[in-house]
1. Given 0.36 nm per residue, what is the gain on full extension from residue 40 to residue 55 after removing their alpha carbon distance, in nm?
2. May I ask for the angle, rounded to the nearest 10°, between helix 141-154 and the longest principal axis of the chain, with both axes built from Cα atoms and the value confined to 0 to 90°?
3. Which value in nm describes the separation of the simple spin-label points at residue 107 and residue 260, placed 7 Å from the Cα toward the beta carbon?
4. Under 27 Å Cα-Cα from residue 224, which lysines qualify once same-chain neighbours fewer than 8 residues away are excluded?
5. Using amide H atoms built in the peptide plane, which far-off residues or other-chain residues are under 5 Å from residue 139 H to H?
6. Specify which residue in the list 171, 225, 201 is farthest towards the positive end of the charge dipole of region 167-244, using unit charges on the beta carbon of Lys, Arg (+1) and Asp, Glu (-1), about the Cα centre.
7. Can you give me the angle between helix 274-287 and the longest principal axis of the chain, using Cα atoms only, in degrees from 0 to 90, rounded to the nearest 10?
8. Which of (1) 21.6; (2) 20.1; (3) 21.0 is the computed Kirkwood radius over Cα pairs in Å for the structure on display?
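Please treat every number below as a calculation from the coordinates, not as lab data. Just so it is clear, the structure is predicted and the values come from calculations on it, not from any experiment. In this analysis, Cβ positions are derived from the backbone assuming ideal geometry, glycine residues included, and neighbour counts consider all displayed protein chains.
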Amino acid sequence: MKKSDNINYELEKNAEVISQLNDFVTETVGTTLMDPDDCWQPTDFLPDMTQPDALDQVKILRERAAVIPDTIITSLIGNMITEEALPSYQTYFNMLEGVNEEGSLTSDKGWVQWTKAWTAEENRHGDLLNKYLYLSGRADMRQVEQTIHRLIYNGFDPRSEKDPYQAIVYTSFQERATKISHVNTGKLADKAGDHVLGKICKQIAGDEARHEKAYKSFMSEIMKIDPNGAILAFEKMMRKQIVMPAVLMAKGGNNPSLFDQFSAITQKVGIYTGWDYARIIDHLVKLWNIETATGLNDVAAKAQEYLSGLSSRYMRLADRMKTPDEISLAWISK
């Protein structure tokens, strides 16, 4: 069998399994995601501009934000930019094999319901952080807006090869990584004295935790139906390494190393580090019972062996990483 034939066979088989999960995903939408009328909204955490004392509320926000270190503001901006690229994420998910065969964004099928409801919840995160940063006066919003524009302009490529299994591994990993980043940013905001920003970050992290739980449950169901395919997909994604959603934020721009600089800052202040990457791998390997899976074919058994020792390798790499030098990005207002 040619390699291309084998890839097509894998995608068809994986798409068939994904279609089998439509009812499970529909149920998950109902139990995990929230009706828009019941959700928190960005204005719940921001000055009420309809009130007579609105400008006083903004002044208080700005006084709190003024004491936050530049590194934390930079992390907040990077988190926000990542969240603002949602048009790419919804498009990407609907292009996966077996997810939206009808090509209809109004379909009532489980996976299409999920992509709409998930990205609708995620959309609030960028809105809230964007408005907070605008009101705080701490960000050069034009530079920030250019970065958002360029990220959406460049698109999104998690390198999952249209394979829904690999995509669900990616989103399971990424939702947990995003949760960690928001939690740690919130802790540092609290420490700096802006308890409202701390609450904002924790609220967003709570959403990410619900979404993470759902994606992990999707992969758990795939493991029950097709353990060989699930483990191979996990291995493929990890061999390529998980790229962050905002990795293309600077491609073609004046500062092509912008994402690397942002990542160095989050590493330096402990918001998202190499140790976090290793711990996420360990968490997923244990959650999906990779080490104890039985009845695997030879190829999947080799993938199982690779995955079982992977977190330890990344932990050793993290231990050897050097603390980056001080970095200042154009996002911060002068």
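1. Values: separation 15, 0.36 × 15 = 5.40 nm, distance 2.29 nm.
Full-extension gain reported as 3.1 nm.
2. 20
3. Here the answer is 4.0 nm between the modelled labels.
4. The qualifying lysines are 3, 13, 109, 116, 162, 179, 213, 216, 236, 240, 286, 302.
5. Sorted by chain and number, the residues that satisfy this are 333.
6. 201
7. Roughly 40 degrees between the two axes.
8. So the calculated entry is the one marked (3).
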